[in-house]
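What follows is a single structure, written as structure tokens, with notes after it.
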Amino acid sequence: MTIRVLMLVYRRPDLTPEQFRKHYEEIHMPLTREIAGDTFPISHIRRYIPRSASPQDSSDGKEKYPAIVAGGNPADVPVDCVTELIFRDKEHLQSYFEMPHAPGAAAKLEAEAENFAAKYPTIIVEDCMETTSASAV
């Protein structure tokens, strides 16, 4: 049974959304792939939250690049990327996070992540339910 892990990745406040994305894609992902080797997930999907391209004034002075939302308050969307990792099974998941083949690798990736991410809570998702237009018939 596949295991899915969601990471809610928050951009460092001193980076623009474009700098964040560029670093994640061009520096962090190649390093992750290299270090993980055979333990790399079946899939590593990154869904970036769209944000204004130019800085905006905000009431709290914190978020300069508000999220572009379909409804609700952009200030309620502090996360910049929802990353989904898909693993074959629990053993695959465990081997990825432990990286036994590369001592110190996890610490190296965590240190590198500090270059673009403020934080990244990681959640294991067990039950994925999907409703499609076809299932409504």
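Counting heavy atoms of the protein chains only and a 1.4 Å probe, report the per residue accessible area for the chain as a whole number of Å². Computed with neighbouring chains in place, this is 65 Å² per residue. Could you calculate the FRET efficiency of Asp89 with Thr132 from 1/(1 + (r/R0)^6), where r is the beta carbon distance between them and R0 is 22 Å, rounded to 0.05? With R0 = 22 Å, the Cβ-Cβ based efficiency is 0.30.
Given their separation in residues at 0.36 nm each and the Cα-Cα distance between them, Thr122 and Phe97 gain 7.9 nm when the chain is fully extended. With a 1.4 Å probe and all protein chains left in place, how much of the accessible area of region 81-137 comes from carbon and sulfur atoms, in whole percent? Carbon plus sulfur share of accessible area: 54 percent. Here region 19-79 has 50 percent of its accessible surface on carbon and sulfur atoms, given a 1.4 Å probe and all protein chains in place.
For the chain, the mean residue ellipticity at 222 nm estimated from helices alone is -6500 deg cm²/dmol, where every DSSP H run of n ≥ 4 contributes -39500 (n - 2.57) and the total is divided by all residues, rounded to the nearest 500.
According to the square roots a ≥ b ≥ c of the eigenvalues of the Cα gyration tensor, what is the shape class of region 90-137, taking rounded for a/c under 1.5, prolate for a/b larger than b/c otherwise, and oblate for the remainder?
Working: a/c = 4.41, a/b = 2.01, b/c = 2.20.
It is oblate, given that a/c is not under 1.5 and a/b is not larger than b/c.
Quick one: grab the alpha carbon gyration tensor of the chain, order the square roots of its eigenvalues as a ≥ b ≥ c, and give me rounded if a/c is under 1.5, else prolate or oblate depending on whether a/b is larger than b/c. Here the chain falls in the oblate category.
The values are calculated or read from the model by the stated rules, or taken from the named source; none is laboratory data. This structure is a prediction, so every number in the text was calculated from the model and none was measured. Every residue, glycine among them, receives a Cβ derived from its backbone with ideal geometry; neighbour counts consider all protein chains shown. For accessibility, only protein heavy atoms count, side chains too; no ligands or nucleic acids. Shrake-Rupley method; radii C 1.70, N 1.55, O 1.52, S 1.80 Å.
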